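Novice: One structure, as structure tokens, below. Some questions next.
The values are calculated or read from the model by the stated rules, or taken from the named source; none is laboratory data. This structure is a prediction, so every number in the text was calculated from the model and none was measured. Don't worry about glycine lacking a Cβ; one is built from the backbone with ideal geometry, like all the others, and counts go over all protein chains shown. Protein only, heavy atoms only, side chains kept; ligands, DNA and RNA dropped before computing areas. Shrake-Rupley method; radii C 1.70, N 1.55, O 1.52, S 1.80 Å.
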Amino acid sequence: MKIAAEDITPVAFTVALFVLWEAACLLFRIDSFILPAPSQIFAAMVQYWGPLLRNSFVTLWTTAAGFLLAVAFGIGLGVVVGWSRAIYRGLYPVMIGFNSIPKVAVVPILIMWFGIGEIPAILTAFLISFFPIVVNVATGLATTEPELEDVLRALGASKLDIMRKVGIPRTGPYLFGALKVAITLAFVGAVVSETIGANAGLGHLMVQAGSNFQMPLVFAGLMALAIEGILMYAVFAVMEKRMVSWAFRSSMSAAG
Amino acid sequence: MIRLHDVTLSYRGRAGEVTALAHTSLAVGKGEFAAVVGPSGCGKSTLMKLVTGLIRPTKGKVEVDGAEVTGPVKIAGMAFQAANLLPWRSVLDNVMLPLEIVAPHRGRLGRERDAYRTRALDLLGVVGLRDFADRYPWEMSGGMQQRASLCRSLIHEPELLMLDEPFAALDAFTREELWVVLRDLWQRLGFTVVLVTHDLREAGFLADTIHVMSARPGQIVETRRVAFPRPRPLDVLYDPAFTDLVHSLRNKIAEVRQA
Ligand SMILES: Nc1ncnc2c1ncn2[C@@H]1O[C@H](COP(=O)(O)OP(=O)(O)O)[C@@H](O)[C@H]1O
Ligand SMILES: [Mg+2]
């Protein structure tokens, strides 16, 4: 396997960043309570790998659960909204309005309703991530070329035929674009909810470590979040490339 | 094959009612190649939608094949200026799309896939795309995509082919090539054609009759028979009589645009 320069640069940049960080901490004698050096962070990661791993799994599962709910709901509602251009035009502004409510503000309400635990985290992940899916699926369906629809209708195609043969396949790039965004948002939602009120998860771990003045552990939690987030995004980016490769090559690169 | 009796069509848009067609009458015989020309916005696309049953007339009556049109006619193939091929399907699968929808074929397609495949490949052969069957639309030029689009509109052997400015986006050479392709397809398969165009040479070269429409609200203001014998070679385009025909059509259009 040949490794191109492009593949190495992100790694090189990351390593360089850590080296700079480490050097700055040494040079300016930054208190590890303010900003721990990478070496201290990695040490904390090794020392606390057990709790880090356990809480990472909790965050992963609440994120995944919220995200899956969002996918199921989002696709369903997206198909309803995108079914006809009239519904789409009527509902689109309403959805955008709803989406502009900061979901974080809902977390305390969810905690009051469902108590401290995993359910508020799952619901926050769901709430925050399902709009982009609805909007993108609906847009993919509602923007089917009217002339293509005419061609098929003149052949006697039903609305369902048109959805099956054209609407749903052409939604692919929109959907995968939305999934990449949604998984990241679900993750944010889950972690925010965990920092506000939970008894497990990376967000919870970081808050606890912070109140015990264990700064290196807080940063170790942050590092675990970064790794988890990048991995989840990467999974969807690869899936997208595999499943809708035509959209990358044709002029109809629609996802956004 | 097609009859419009005193058809009026109004759209209810945001800016009130727009009358696209007013008291239009038209007759196209079985197997005839009819062309419709007229200034832009005069209701040509509306006429196509009426004939295929995609919209219903506000007043008057549309008949296709002896029966009044009350819904999509199902015996028509259509092609537009944009080829509109599906980018996730190969050319062959794009051409076979109507077979997955039209009534007798959709049930048989599963069992007789190979026979239908052969039929699609033969049709692609007629337009010179046999070797491109497994390519994807985005790998092909605009002219090739339009050839594939023509095949898609003909694969279910429709009795009626409706073409709405199908060659308008192509360069002059490619356009002439496709005129020949369409001429040969029509002579071979004998379907009825309505071709909307604003290229008067295109109408003159291909059609048996040319219907000239007035500015909106559209109406057929003149119908010309084109007498050049068949099969017509491309050389007919340089015949003085052909130039005269195009010239007088040109004047007629200029006249109705003034009015
Ligand atoms: N769906 C529609 N709603 C309202 N007005 C329309 C609609 N479709 C076409 N029109 C109007 O009807 C007129 C004729 O349109 P069309 O048949 O597309 O013309 P052409 O194809 O000859 O350019 C135009 O003025 C156009 O603006
Ligand atoms: Mg038009």
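Novice: From the residues in the range B:212-257 that are part of a helix (DSSP H, G or I) and small (G, A, S), which one is nearest to ligand 2 (Cβ to nearest atom)?
Specialist: B:A254
Novice: Can I ask one more? Return the residues of the range A:196-213 that are in contact (Cβ under 8 Å) with a residue 40 or more places away in the chain and either surrounded by fewer than 18 Cβ atoms within 10 Å (Cβ to Cβ) or over 16 Å from A:G50 (Cα atoms) (or both); say none if nothing qualifies. So that I can check it myself, show each step before the final result.
Specialist: Filtering the range A:196-213 down to residues in contact (Cβ under 8 Å) with a residue 40 or more places away in the chain leaves A:196-205, A:213.
The answer is A:I196, A:G197, A:A198, A:N199, A:F213.
Novice: Moving on to the next point. Could you grab me the full set of residues in the range B:49-65 that are within 16 Å of the chain's Cα centre (by Cα), surrounded by fewer than 24 Cβ atoms within 10 Å (Cβ to Cβ) and within 16 Å of ligand 2 (Cβ to nearest atom)? Even if it seems obvious, please write down each step before you answer.
Specialist: To start, the set of residues in the range B:49-65 that are within 16 Å of the chain's Cα centre (by Cα) comprises B:49-54, B:64.
Filter once more, so that each one left must be surrounded by fewer than 24 Cβ atoms within 10 Å (Cβ to Cβ): B:49, B:53-54, B:64.
If the condition is that a residue be within 16 Å of the chain's Cα centre (by Cα), surrounded by fewer than 24 Cβ atoms within 10 Å (Cβ to Cβ) and within 16 Å of ligand 2 (Cβ to nearest atom), then B:K49, B:L54 are the ones that fit.
Novice: Filter the range A:156-201 for residues that are under 16 Å from A:V80 (Cα atoms) and either touching an Asp or Glu at 6+ places or on another chain (Cβ under 7 Å) or more than 14 Å from chain B (Cβ to nearest Cβ) (or both) and give the result.
Specialist: Within the range A:156-201, just A:I162 meets the criteria.
Novice: Tell me yes or no: at least one residue of the range B:66-74 is open to solvent by 50 Å² or more (accessible area, probe 1.4 Å), within 16 Å of ligand 2 (Cβ to nearest atom) and within 13 Å of chain A (Cβ to nearest Cβ).
Specialist: No: the range B:66-74 contains no residue that is open to solvent by 50 Å² or more (accessible area, probe 1.4 Å), within 16 Å of ligand 2 (Cβ to nearest atom) and within 13 Å of chain A (Cβ to nearest Cβ).
Novice: Another question, if that's okay. Taking into account only those residues within the range B:108-138 that are over 15 Å from B:R152 (Cα atoms) and away from chain A (no Cβ under 13 Å), which is most open to solvent (accessible area, probe 1.4 Å)?
Specialist: Among those that are over 15 Å from B:R152 (Cα atoms) and away from chain A (no Cβ under 13 Å), it is B:R111.
Novice: Okay, next question. Only one of (1) in a strand (DSSP E or B); (2) out of contact with any strand residue (DSSP E or B) (no Cβ under 6 Å at 6 or more places or on another chain); (3) within 16 Å of ligand 2 (Cβ to nearest atom) fails for B:Y11. Which number is that?
Specialist: So B:Y11 meets the others, but not (2).
Novice: Test A:A12 against the criterion of being open to solvent by less than 80 Å² (accessible area, probe 1.4 Å), of a type in the set (A, V, I, L, M, F, W, C), modelled with pLDDT under 90 and over 24 Å from A:G203 (Cα atoms), and give yes or no.
Specialist: Judged against the criteria, A:A12 is not a match.
Novice: A further question on this structure: Looking at A:G197, A:G189, A:G167, which one is in the same structural domain as A:Y88 (by TED's automatic domain parsing) and modelled with pLDDT under 90?
Specialist: Testing whether each residue is in the same structural domain as A:Y88 (by TED's automatic domain parsing) and modelled with pLDDT under 90 leaves just A:G197.
Novice: I've got another one for you. Would you point out the residue of the range B:1-28, among those that are among the small types (G, A, S) and within 8 Å of ligand 1 (Cβ to nearest atom), that is modelled with the highest pLDDT?
Specialist: If we take residues in the range B:1-28 being among the small types (G, A, S) and within 8 Å of ligand 1 (Cβ to nearest atom), then B:A20 is modelled with the highest pLDDT.
Novice: Here's something else I'd like to know. Could you give every pair whose Cβ atoms fall below 7 Å, whose first residue belongs to the range A:24-53 and is closer than 19 Å to A:A226 by Cβ, and whose second residue is acidic (D, E) and modelled with pLDDT of 90 or more, counting only separations of at least 6 or pairs across chains?
Specialist: Partner pairs satisfying both residue conditions: A:A37/A:E22; A:P38/A:E22; A:S39/A:E22.
Novice: A follow-up question, please. Does B:A35 meet the test of being modelled with pLDDT of 95 or more and part of a strand (DSSP E or B)?
Specialist: Answer is yes for this residue.
Novice: What are the residues in the range A:90-148 that are assigned to a helix (DSSP H, G or I), over 17 Å from A:I75 (Cβ atoms) and open to solvent by less than 20 Å² (accessible area, probe 1.4 Å), if any?
Specialist: Correct list: A:V107, A:L110, A:P120, A:A121, A:T124, A:L148.
Novice: Continuing with the same structure: Does any residue in the range B:189-208 that is within 14 Å of ligand 1 (Cβ to nearest atom) and of a type in the set (S, T, Y) come within less than 8 Å, Cβ to Cβ, of a residue that is open to solvent by less than 10 Å² (accessible area, probe 1.4 Å) and assigned to a loop (DSSP other than H, G, I, E, B) six or more places away or on a different chain, and which pairs are these?
Specialist: Taking only residues 6 or more apart or on different chains, the pairs are B:T197/B:F167.
Novice: Output the number of the condition that A:G90 fails; it satisfies all remaining conditions of (1) in contact (Cβ under 8 Å) with a residue 12 or more places away in the chain; (2) closer than 30 Å to B:S45 by Cα.
Specialist: With (1) in contact (Cβ under 8 Å) with a residue 12 or more places away in the chain; (2) closer than 30 Å to B:S45 by Cα applied to A:G90, the lone miss is (1).
Novice: Go through the range B:19-48 and give me each residue that's within 14 Å of ligand 2 (Cβ to nearest atom), aliphatic (A, V, I, L, M) and open to solvent by 50 Å² or more (accessible area, probe 1.4 Å).
Specialist: none
Residue-by-condition table, conditions (1) closer than 27 Å to B:A169 by Cβ; (2) touching a Phe, Trp or Tyr at 6+ places or on another chain (Cβ under 7 Å); (3) not assigned by TED's automatic domain parsing to the domain that holds B:L170:
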position: B:R14; (1), (2), (3): no, no, no
position: B:E32; (1), (2), (3): yes, no, no
position: B:A35; (1), (2), (3): yes, no, no
position: B:F80; (1), (2), (3): yes, no, yes
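Novice: Follow-up. Considering each of B:A79, B:A168, B:A172 in turn, give the residue that is hydrophobic (A, V, I, L, M, F, W, C), crowded, with 19+ Cβ neighbours inside 10 Å and within 30 Å of B:D235 (Cα to Cα).
Specialist: B:A79
Novice: B:L170: hydrophobic (A, V, I, L, M, F, W, C), assigned to a helix (DSSP H, G or I) and more than 16 Å from ligand 2 (Cβ to nearest atom), yes or no?
Specialist: Numbers: hydrophobic (A, V, I, L, M, F, W, C): yes; assigned to a helix (DSSP H, G or I): no; more than 16 Å from ligand 2 (Cβ to nearest atom): yes.
When the stated conditions are applied, B:L170 does not pass them.
Novice: Next question, about the same structure. Of a type in the set (K, R) and either away from chain A (no Cβ under 14 Å) or open to solvent by 30 Å² or more (accessible area, probe 1.4 Å) (or both): does that describe B:R183? Steps first, please.
Specialist: Numbers: of a type in the set (K, R): yes; either away from chain A (no Cβ under 14 Å) or open to solvent by 30 Å² or more (accessible area, probe 1.4 Å) (or both): yes.
Yes; evaluated as a whole, the condition is true for this residue.
Novice: Can you find a residue in the range B:139-150 that is facing another protein chain (nearest Cβ under 10 Å), farther than 26 Å from B:A35 by Cβ, in contact with a helix residue (DSSP H, G or I) (Cβ under 6 Å, 6 or more places away or on another chain) and open to solvent by 40 Å² or more (accessible area, probe 1.4 Å)?
Specialist: No: the range B:139-150 contains no residue that is facing another protein chain (nearest Cβ under 10 Å), farther than 26 Å from B:A35 by Cβ, in contact with a helix residue (DSSP H, G or I) (Cβ under 6 Å, 6 or more places away or on another chain) and open to solvent by 40 Å² or more (accessible area, probe 1.4 Å).
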